[in-house]
Amino acid sequence: MVRRAKSALVKARVTHLEMGAMPPHRVPMPVGPRLALMQARKMPLAFYRYLYEQVGRPHHWSLRRLIGDGELAATIHAPTTEIAVLYIDGSPAGFHELDLTQLPRKVEIVYFGLAPDFQGRGLARFFLSETIFAAWAHDPEIVAIHTNTLDSPLALRLYQKMGFSPVGWSEEEVEPWA
């Protein structure tokens, strides 16, 4: 029997951010590619896992990576979870996931991101703006998001430019994707 060596854990510094007021305006849709942002209801688990890997693998996302189908379905199909997929020229390019369990106090943007093939095209500001407005549509007191040192080095700066402020830090250890 061959045993696979377990990967060394990677430390990440997590920055927790909050926004206390809805931004005054949305970022306009970029001109050029055909874009569609569609809320996904009862998303097939295989499609969710595909998006999660495409967007999260470079950043070692781990929370949903190894959970079973039953737990994943219960989470993403819950009435307190809202997922939207960004399509560019017909291809899925990224997604966001909102956690509404803490309403009316808070909506958390649990996941937000673009797959590597769609990064660097000037889409992140527009997509994040739409994600923020989707969160504010639930009328919370605050909208929260977090990022860590394994995410894009531009993520924290983008979140702050869009109106989020750091409210705390923590550390976590994650198992890197092979």
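Read-outs: derived from the displayed coordinates by stated rules, not from any lab. Every value quoted in this text rests on a predicted model; they were computed, and no experiment measured them. Glycine also receives a Cβ, built like all others from the backbone with ideal geometry; neighbour counts cover every protein chain displayed.
Over the C-alpha atoms of the chain, what are the Rg and the largest Cα-to-Cα span, Dmax, in Å?
That works out to 16.4, 61 Å for Rg and Dmax.
Going out from 0 in 5 Å bins, what whole percent of all Cα-Cα distances in segment 1-82 drops into each bin?
Percent of pairs per bin, in order: 3, 9, 13, 15, 16, 19, 13, 6, 3, 1, 1, 0, 0.
Quick one: among Ala78, Ala124, Ala137, which has the greatest mean-square fluctuation in a GNM of the chain with alpha-carbon springs under 10 angstrom?
Per the Cα network of the chain with a 10 Å cutoff, Ala137 tops the list.
Using only the alpha carbon atoms of segment 69-149, find the Kirkwood hydrodynamic radius as the inverse mean reciprocal pair distance, in angstroms to one decimal.
13.5
Given labels modelled 7 Å from the Cα in the Cβ direction, how far is it in nm from Leu158 to Tyr50?
2.2
For the chain, with the dipole built from +1 on Lys and Arg beta-carbon atoms and -1 on Asp and Glu ones, taken about the Cα centre, which of Ile88, Pro140, Gln160 lies farthest toward the positive end?
Checking the options against the dipole of the chain, the answer is Ile88.
Treat every Asp and Glu Cβ in segment 51-108 as -1 and every Lys and Arg Cβ as +1, leave all other atoms uncharged, and give the resulting dipole magnitude about the Cα centre to the nearest 20 debye.
With Lys and Arg at +1 and Asp and Glu at -1, about 180 debye.
Just to confirm the filter: which trypsin sites (Lys or Arg not before Pro) across segment 44-123 are DSSP coil and have at most 12 other Cβ within 10 angstrom of their Cβ? Can you show the working numbers first?
Values: sites: Arg49, Arg64, Arg65, Arg105, Lys106, Arg121; in loops: Arg64, Arg65, Arg105, Arg121.
Answer in residue order: Arg105.
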